[in-house]
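Participant: Structure in structure tokens, see below.
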Amino acid sequence: MRTALLRITARIAATALLGGAAVLTTGALPASAATGTVVTDSGLGVTIRSGNATSFNSVGTQPNGSVEIECQLYGEPVTGKFGRSLVWDHVPGKGFISDAYVNTGSSGLVAPLCASNPRADKAIAWYAARNGSTAFQGYCEMAAENSYGKTAIWASAKADWNDAVARGVAHRGDLNPPKGALVFWDLAAPYGHVGVARGDGYFWATSVNGKIGLAKLPYFSSYLGWAWPNF
């Protein structure tokens, strides 16, 4: 939790410099849009992207200063003015900016969860395009990371899950993961197993009847739960 604490501390300090007062929020999901303040060291603002990852196209720049946040979602982690964050903010009529450059007074969500998740859609499409493939048998973590355009982040699915547990963001035993969340099992000790949730009770993974496939949770035994990808 050290990163989260540093992030909150940075937000409070930045708000004080801007003459505002930080209000830390936790608990229930916000029901309405919010506002924040974009702060960058360059003073030139933050890149607006078409999706919730740096791999999506730039569609403009949000200048430093007040910004309206229509909704938020989890995406590629970015390290910015306020620490490392997986949260992305949707600016109405424009696109997505990393919350790592936005002072909202909280390290979590302060606006409703966005209905769409472009990065998750790409990950799910990656699996669907490889339906029936045996190329990743024994490499479930590699498949999950590759679906998100990453590789060689964690040595195993279990290491990935243990990271989520250590950060306090693992949703143990929850069989209703949102679209794009990683779902984990305690299989093939000590390696574990991982897939990507479709958001409707189904998931994509390797080893579904010996190949990449779609199945309904929990499917395998020893289901652990879900977490947003930390990559």
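Participant: In the stretch 108-150, what count of residues is obtained for those that are of a type in the set (Ser, Thr, Tyr) and open to solvent by 70 Å² or more (accessible area, probe 1.4 Å)?
Facilitator: 2
Participant: Now for a separate question. What are the residue pairs meeting all of these: first residue in the stretch 97-114, first residue among the β-branched types (Val, Ile, Thr), second residue open to solvent by less than 10 Å² (accessible area, probe 1.4 Å) and not in a strand (DSSP E or B), Cβ atoms under 8 Å, and 6 or more apart or on different chains?
Facilitator: These pairs meet every condition: VAL102/PHE82; THR104/ARG11.
Participant: Further question: Can you tell me which condition SER221 does not meet? The list is (1) small (Gly, Ala, Ser); (2) within 29 Å of LEU109 (Cα to Cα); (3) part of a loop (DSSP other than H, G, I, E, B), and all the others hold.
Facilitator: Result: SER221 passes all but (2).
Participant: What pairs can you find where one residue is in the stretch 128-153 and touching a residue at least 12 places away in the same chain (Cβ under 8 Å), the other is outside any helix (DSSP H, G or I) and open to solvent by 60 Å² or more (accessible area, probe 1.4 Å), and their Cβ atoms are less than 7 Å apart, with a gap of 6+ or different chains?
Facilitator: GLY132/LYS211; SER133/LYS211; THR134/LYS211; GLU141/TRP154; GLU145/THR151; GLU145/ILE153; GLY149/SER55
Participant: Can you find a residue that is open to solvent by less than 60 Å² (accessible area, probe 1.4 Å), within 21 Å of PRO229 (Cβ to Cβ) and assigned to a strand (DSSP E or B) anywhere in the stretch 57-72?
Facilitator: yes
Participant: Do we have ILE153 as open to solvent by less than 60 Å² (accessible area, probe 1.4 Å) and under 17 Å from the mean Cα position of the chain (by Cα) here?
Facilitator: When the stated conditions are applied, ILE153 does not pass them.
Participant: Please determine, by comparing only the residues of the stretch 197-209 that are part of a loop (DSSP other than H, G, I, E, B) and small (Gly, Ala, Ser), which one is least open to solvent (accessible area, probe 1.4 Å).
Facilitator: Kept after step one, since they are part of a loop (DSSP other than H, G, I, E, B), are these residues of the stretch 197-209: 198-201, 206-209.
From what is left, the residues that are small (Gly, Ala, Ser) are 199, 201, 207.
Values: GLY199: 44, GLY201: 18, SER207: 41 Å².
So the residue we want is GLY201.
Participant: For the stretch 178-196, give me each residue that is open to solvent by 60 Å² or more (accessible area, probe 1.4 Å) and under 18 Å from GLY75 (Cα atoms).
Facilitator: LYS179
Participant: Hey, another quick one. Filter the stretch 73-82 for residues that are outside any strand (DSSP E or B) and either of a type in the set (Phe, Trp, Tyr) or under 10 Å from the mean Cα position of the chain (by Cα) (or both) and give the result.
Facilitator: Correct list: PHE82 only.
Participant: Also, quick follow-up: With the structure loaded, tell me whether LEU214 is of a type in the set (A, V, I, L, M, F, W, C), open to solvent by 50 Å² or more (accessible area, probe 1.4 Å) and not in a loop (DSSP other than H, G, I, E, B) or whether it fails that test. Spell out how you get there, then give the answer.
Facilitator: Numbers: of a type in the set (A, V, I, L, M, F, W, C): yes; open to solvent by 50 Å² or more (accessible area, probe 1.4 Å): yes; not in a loop (DSSP other than H, G, I, E, B): yes.
Here the answer is yes, as LEU214 does meet what is asked.
Participant: Another question, if that's okay. Name the residues in the stretch 73-107 that are surrounded by 24 or more Cβ atoms within 10 Å (Cβ to Cβ), touching a helix residue (DSSP H, G or I) at 6+ places or on another chain (Cβ under 7 Å) and charged (D, E, K, R), would you?
Facilitator: Of everything in the stretch 73-107, just one residue is surrounded by 24 or more Cβ atoms within 10 Å (Cβ to Cβ), touching a helix residue (DSSP H, G or I) at 6+ places or on another chain (Cβ under 7 Å) and charged (D, E, K, R), namely ASP89.
The values are calculated or read from the model by the stated rules, or taken from the named source; none is laboratory data. Note that the coordinates shown come from a computational prediction; the quantities given were computed from them, not determined experimentally. A quick note on method: Cβ atoms are made from the backbone with ideal geometry, for glycine too, and the neighbour counts reach across all protein chains shown. Heavy atoms of the whole protein, side chains included, go into the accessibility calculation; ligands, DNA and RNA do not. Shrake-Rupley method; radii C 1.70, N 1.55, O 1.52, S 1.80 Å.
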